[in-house]
Amino acid sequence: MSELRELYQEVILDHNKNPRNFREMTPHSHHATGHNPLCGDKLELYLKIENGMIEDISFIGSGCAISTSSASLMTQFLKGKSIKDTRKYFECFHDLVTGKPLSDNDLEDLGKLAVFGGVQEFPARVKCAILSWHTLINALETTNETAKTE
Ligand code: ZN
């Protein structure tokens, strides 16, 4: 178990040090800002969605290791996925970090995102881990306009 924990920590530290898809995106079709005042995490999330699929996804921002690595892993995970599946993954990830039991299938679907299962023991960290996901849902629900080039 402690070996697993170390492996998880390595993944989180790696993505914090070297966040994937860390850039502004122009043009984009969807965008939202996320803020977790409890910890000071801030992020801007950008998406390019075509035909119900996430063609591209990126973020910028500053925050703790958990929020940065969670956003990094999320963008890596969601690229090429459909919006429909994305909502399902959000539910699974939410259950994972809040300590609700997940089926083996759901856990398998989450892949590397399972590293965040450990945060359920640290309630203050749950908001850090899920910030990028809430920002994603906001982006999907609030901005349905066509690509902008600002
Ligand atoms: Zn945080």
Can you tell me which residue is surrounded by the fewest Cβ atoms within 10 Å (Cβ to Cβ) among those in region 37-59 that are within 12 Å of the chain's Cα centre (by Cα) and within 16 Å of the ligand (Cβ to nearest atom)?
Glu44
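For region 60-72, give me each residue that is crowded, with 21+ Cβ neighbours inside 10 Å and either farther than 16 Å from Phe116 by Cβ or not hydrophobic (A, V, I, L, M, F, W, C) (or both). Lay out the reasoning, then the answer.
We begin by selecting, within region 60-72, every residue crowded, with 21+ Cβ neighbours inside 10 Å; these are 63, 66-72.
Result: Gly63, Ser67, Thr68, Ser69, Ser70, Ser72.
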In region 117-136, the residues that are open to solvent by less than 40 Å² (accessible area, probe 1.4 Å) and either closer than 10 Å to Leu45 by Cβ or out of contact with any Lys or Arg (no Cβ under 9 Å at 6 or more places or on another chain) (or both):
Gly117, Val126, Cys128, Ala129, Ile130, Leu131, Ser132, Trp133, Thr135, Leu136
Flag for Met25 being in a loop (DSSP other than H, G, I, E, B), open to solvent by less than 60 Å² (accessible area, probe 1.4 Å) and among the aliphatic types (A, V, I, L, M):
yes
Take the conditions more than 16 Å from the ligand (Cβ to nearest atom) and in contact (Cβ under 8 Å) with a residue 60 or more places away in the chain and apply them to Lys81. Does it pass?
no
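The values are calculated or read from the model by the stated rules, or taken from the named source; none is laboratory data. Not measured: the values here are computed from a predicted model. Here Cβ is always computed from backbone atoms with ideal geometry, including for glycine, and neighbour counts include all displayed protein chains. Accessible surface areas use protein heavy atoms only, side chains included; no ligands, DNA or RNA. Shrake-Rupley method; radii C 1.70, N 1.55, O 1.52, S 1.80 Å.
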